[in-house]
Amino acid sequence: AAPTSQPPLLEQRILVRTLRLEARIGIHPHEQDHPQLLIIDVEIETQPRRVTKLSETLNYEAVVQAARAIAGSGHIDLVETFADRLACACLDMPGAREVRVRVLKPAALQPDAEAAGVEIRVGLATP
């Protein structure tokens, strides 16, 4: 029997959800002295195609490594800066077309709010 045809892939996204990292981040004096927890979500749109091997897709472990490298690079004043650096690092990964990054600081507004943070989206320029 002939293989059944498959419908075309319309979208493909690589996801990293609720990544927990410690980073030296913040503008206040009490934030300068010790790392704070960040909760990070990353969504990377890639060229939709069916894959059967890791070499054919974007490895989500590379996303975690990029976030850890940024967190370990020294003090960062703003979560916006952290998010932008991570989004740009992810956009440089092979196959990435658009990246959405959310960075939350759970301790930022306690006890008044569960978290504060930012979400950004970057993409390749289209002609």
Report summary line: For the chain, longest principal axis from Cα atoms; helix 79-91 axis from its Cα atoms; angle between them, nearest 10 degrees, is 20
Requested in this report: Just the number, please: carbon plus sulfur as a percent of the accessible area of region 13-108, 1.4 Å probe, no ligands or DNA/RNA counted.
Outcome: 51
Report summary line: With every protein chain kept in place and a 1.4 Å probe, the chain has an accessible area per residue in Å² of 64
Query raised in the report: Could you give the length gained on full extension between Arg20 and Glu56, defined as 0.36 nm per residue of separation minus the Cα-Cα distance, in nm?
Result: 10.3 nm
Report summary line: If every Lys and Arg gets +1 and every Asp and Glu gets -1 at its Cβ, then about the Cα centre the chain yields a dipole, in debye to the nearest 20, of 520
Query raised in the report: Got the relative contact order for region 1-49 handy, in percent, Cα pairs under 8 Å and 6 or more residues apart?
Result: 46
Query raised in the report: Local charge sum around Ala107 (other residues, Cβ-Cβ under 12 Å, Lys/Arg +1, Asp/Glu -1)?
Result: -3
Report summary line: Place a point 7 Å from the Cα of Asp112 in the direction of its beta carbon; the residues of region 24-41 whose amide N falls under 20 Å from it are 26-32, 37
Requested in this report: Specify the residue with the greatest mean-square fluctuation among Pro94, Pro111, Pro48, computed from a Gaussian network of the chain linking alpha-carbon atoms under 10 Å apart.
Outcome: Pro111
Query raised in the report: Between Gln47 and Gln6, what is the FRET efficiency for a Förster distance of 22 Å, r being their Cβ-Cβ separation, to the nearest 0.05?
Result: 0.85
Query raised in the report: With all pairs of different alpha carbon atoms counted, what Kirkwood hydrodynamic radius in Å does the chain show?
Result: 16.0
Report task. Under a 10 Å cutoff between Cα atoms, tell me which one of Glu11, Glu80, Glu31 has the largest fluctuation in the Gaussian network model of the chain. Result -> Glu11
Report summary line: With Cα springs under 10 Å, the Gaussian network model of the chain assigns the largest mean-square fluctuation among Ala66, Ala96, Ala107 to Ala107
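The values are calculated or read from the model by the stated rules, or taken from the named source; none is laboratory data. What you see is a predicted model; the values in this text were computed from it and never measured. Quick reminder, even Gly has a Cβ in these numbers, built from the backbone with ideal geometry, and neighbours come from all protein chains shown. With ligands, DNA and RNA removed, areas are computed over all heavy atoms of the protein, side chains included. Shrake-Rupley method; radii C 1.70, N 1.55, O 1.52, S 1.80 Å.
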